[in-house]
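First the structure, in the form of structure tokens, and then the observations on it.
The values are calculated or read from the model by the stated rules, or taken from the named source; none is laboratory data. Computed from a predicted structure; not experimentally measured. All Cβ positions, even for glycine, are placed from backbone atoms using ideal geometry, and neighbour counts span all protein chains on display.
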Amino acid sequence: MNNTDIEKLEAVVSHLASGTAPGIIASVQRGGATLLRRGCGLASLDSGLVNTPSTKMRIGSTTKHFCCALILMLRDEGKLSIDEPVSRWLPELPASQGSRTLRHFMNHTGGMRDYLDLSLLSNGLAIVPADAAYDYQCRQQEQNFAPGEQLIYNNGGYRLLSMVIERVLQMPLGQALRHRLFEPLSMHDTSLWSSDLDPLPGCAATHLAHPDGRFSKSLFPAVILGEGGVASTLDDMQRWLSHLISPVLWPRALSEEMMTPTELRNGYLHPYGFGLIRERWRGLTIFHHAGGVVGGTCQMLAAPEHDIQIVVMSNRSDVAAADIAQKLLSSLIGPGQTEAEQPADPALAEPLGGAYYCPGNGRHFSIEARDGALYLVNFGMPMPLLQDKDDDGLLRVNVLSVIALEVAPVRDGSGAVQAIEIVEQGERYRCDRVAACQDGMAAAFGGKWRSAELGADIVIQAAGPGAASMRIAGLYGRSVYKLQPLRPDVCLMVSADPHLPLHGTLRLQQHEGGRRELILDTARTRRLRLQEDHGHG
């Protein structure tokens, strides 16, 4: 054990030690030896309890590969096939949804819409009933894309996988996880915690950070199962990581299958497998999966070539566990052991900076300089840009997530940038530069609208000179969006709730006879149709 390494690790997390704010818990192991096992900050502002190395926290979507492990175990026992339609187990689904397979849900290639995105979009952070997720999935008659064409992260698919497990085993998912995984591996502090409304003893509260420095306790607004419902500890998650590498509950081939890339129809190999991502990062082979809930995050990461395992959990919304884990890994790997990354020159913000819109898929991007770095912002999510080592004119995004993009400027005859070209998942598309177009937006988009798939009524009206707002009355709550014009027929929608960073675009379509229709796109919802509602006067 190297004291210098320990000091480097401590330096990454020590600034989060606080007696007045939430924080993190973090664990780093190398070669089976513990280099860092630390709790920082408060587990709960209400009680004043501190985070310790034994504190439980939600792991969010890091749960997903637990769900996949159960599905694959049941397959190997002959109880199901991952390539059969989900309708065998969930016949209530409409035919358009039921034809998708369990495999599609495990690797996010099913193309169906995501209940969680739909609920947050229309209800905001209002608490929804336990059966709301399945109700939203059953409402869907259209799709984001045909199965296998793309990969868009989808919590709804994992809700359906959870329900399949429950029907096959005739027991609740939490019981199945405990009986088949947690108890055999002595993960006694790990469980499925499906609802924040039912307190879990020993589990840290999650907290929202406010601009004035305050924190408030947060609640996840839905019941969550295999898509993100597990709570665990550092020690249990390290035990689980070790088991993924050297399994005893299943053959090594099953762990390998979970980390095998997904091939899309166009031949592109996406690093997302079955609930796990294995990819090259700075020349290292790593596997990982992050997680997020309202007011908390998680990252589980391993670099097997260096025998390093890292688990980080946060119970505050302004600290990303994935960023902390990446810094911890970087502190242990010397410069000579990794490939250097060259951040994009922030001076490129002058020729490239601004907003871009892709009419083919409704995507909105902007290129911005922030804090001395250049970022590509997609639907409000900033991603640092890197300079491609082989092509000075090409920029890349490669964060530890399901997102990998290449960005190239498209110039006119004078050399001015008029568009950017994005390469993603083996497909190339053009995003045109757009500038604010204020005049007449409220009149063009204004009125009453209806979405059967959201179960929502929508009103768009003026909100001051050249501005408009969109108010959505969902099945269980309400949400408000500010509309920012991008061009006469397209506007950006930005949530008015600072704790719900959900962005999208609205595109106005005029049909024969004067009928209007709005096409709504977000990062996880594509081409959702809003029909003009003439039934409310």
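For the condition farther than 28 Å from Leu500 by Cα and of a type in the set (Gly, Ala, Ser), what is the one hit in Ala369, Ala340?
Details: Ala369 fails: farther than 28 Å from Leu500 by Cα.
Step by step, each of Ala369, Ala340 is checked, and only Ala340 is farther than 28 Å from Leu500 by Cα and of a type in the set (Gly, Ala, Ser).
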Determine, yes or no, whether Leu234 is within 20 Å of Glu10 (Cα to Cα) and either surrounded by 18 or more Cβ atoms within 10 Å (Cβ to Cβ) or of a type in the set (A, V, I, L, M) (or both).
yes
So how many residues does the range 265-322 have that are out of contact with any strand residue (DSSP E or B) (no Cβ under 8 Å at 6 or more places or on another chain) and on the phi > 0 side of the Ramachandran plot?
3
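Can you tell me which residues in the range 354-385 are among the small types (Gly, Ala, Ser), exposed (fewer than 15 other Cβ atoms within 10 Å of the Cβ) and farther than 16 Å from Thr505 by Cβ?
Within the range 354-385, the first condition is being among the small types (Gly, Ala, Ser), and the residues that meet it are 354-355, 360, 362, 366, 369, 372-373, 380.
Still in the list and also exposed (fewer than 15 other Cβ atoms within 10 Å of the Cβ): 360, 372.
Matches in the range 354-385: Gly372 only.
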Is it the case, given these coordinates, that Ser331 is among the polar types (S, T, N, Q), in a helix (DSSP H, G or I) and at negative phi?
yes
Restricting attention to the range 104-141, which residues are more than 22 Å from Lys64 (Cα to Cα) and buried (at least 24 other Cβ atoms within 10 Å of the Cβ)?
Leu121, Ser122, Asn123
Give all pairs with beta carbons closer than 7 Å in which a residue from the range 127-144 that is touching a residue at least 60 places away in the same chain (Cβ under 8 Å) meets a residue that is surrounded by fewer than 21 Cβ atoms within 10 Å (Cβ to Cβ) and among the basic types (Lys, Arg); count only pairs at least 6 apart in sequence or on separate chains.
Asn144/Arg526
Selection within the range 88-98 - touching a residue at least 24 places away in the same chain (Cβ under 8 Å) and of a type outside the set (Phe, Trp, Tyr)
Leu90, Glu92, Leu93, Pro94, Ser96, Gln97
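Taking Leu454, is it outside any strand (DSSP E or B), outside the structural domain of Asp323 (by TED's automatic domain parsing) and modelled with pLDDT of 95 or more? Outline the logic, then answer.
Numbers: outside any strand (DSSP E or B): yes; outside the structural domain of Asp323 (by TED's automatic domain parsing): yes; modelled with pLDDT of 95 or more: yes.
Spelling it out, Leu454 is indeed outside any strand (DSSP E or B), outside the structural domain of Asp323 (by TED's automatic domain parsing) and modelled with pLDDT of 95 or more.
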For the range 176-221: of the residues being part of a helix (DSSP H, G or I) and not small (Gly, Ala, Ser), which is surrounded by the most Cβ atoms within 10 Å (Cβ to Cβ)?
Leu177
Can you confirm whether Ser54 is touching a residue at least 12 places away in the same chain (Cβ under 8 Å), within 23 Å of Met237 (Cα to Cα), in the same structural domain as Leu208 (by TED's automatic domain parsing) and touching an Asp or Glu at 6+ places or on another chain (Cβ under 8 Å)?
yes
Could you give me the residue pairs with C-beta distances under 6 Å whose first residue belongs to the range 65-87 and is in the same structural domain as Asn107 (by TED's automatic domain parsing), whose second residue is of a type in the set (Gly, Ala, Ser) and outside any loop (DSSP other than H, G, I, E, B) wherever it lies, and which are 6+ apart or on separate chains?
Pro85/Gly98; Val86/Gly98; Ser87/Gly98
Evaluation of Ala444 against (1) of a type outside the set (D, E, K, R); (2) in contact (Cβ under 8 Å) with a residue 40 or more places away in the chain; (3) not in a helix (DSSP H, G or I) (one fails), failing number
(3)
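Regarding the range 423-432, can at least one residue be identified that is of a type in the set (Asp, Glu) and touching a residue at least 24 places away in the same chain (Cβ under 8 Å)?
Yes, there is a match, as at least one residue in the range 423-432 is of a type in the set (Asp, Glu) and touching a residue at least 24 places away in the same chain (Cβ under 8 Å).
Test Ser317 against the stated conditions and say whether it is under 19 Å from Leu35 (Cβ atoms) and assigned by TED's automatic domain parsing to the domain that holds His207.
no
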Could you go through the range 410-425 and let me know if any residue there is of a type in the set (Ser, Thr, Tyr), over 30 Å from Asp533 (Cβ atoms) and in a loop (DSSP other than H, G, I, E, B).
yes
Lone qualifier among Ser330, Ser401 - being in contact with a helix residue (DSSP H, G or I) (Cβ under 8 Å, 6 or more places away or on another chain), among the small types (Gly, Ala, Ser) and over 25 Å from Gln484 (Cα atoms)
Ser401
Filtering the range 3-51 down to residues that are small (Gly, Ala, Ser), touching a residue at least 60 places away in the same chain (Cβ under 8 Å) and surrounded by 19 or more Cβ atoms within 10 Å (Cβ to Cβ) yields Ala21, Gly23, Ala26, Ser27, Gly41, Ala43
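If I go through the range 485-506 residue by residue, how many of them are of a type in the set (D, E, K, R), part of a loop (DSSP other than H, G, I, E, B) and over 29 Å from Asp318 (Cα atoms)? Show your work before the answer.
So in the range 485-506, the residues of a type in the set (D, E, K, R) come out as 487, 489, 497.
Next, from what is left, pick out any that are part of a loop (DSSP other than H, G, I, E, B): 489, 497.
Within this subset, residues satisfying the condition of being over 29 Å from Asp318 (Cα atoms) are 489.
Summing the residues that are of a type in the set (D, E, K, R), part of a loop (DSSP other than H, G, I, E, B) and over 29 Å from Asp318 (Cα atoms) in the range 485-506 gives 1.
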Which ones in the range 142-175 are surrounded by fewer than 24 Cβ atoms within 10 Å (Cβ to Cβ), part of a helix (DSSP H, G or I) and among the charged types (D, E, K, R)?
Glu166, Arg167
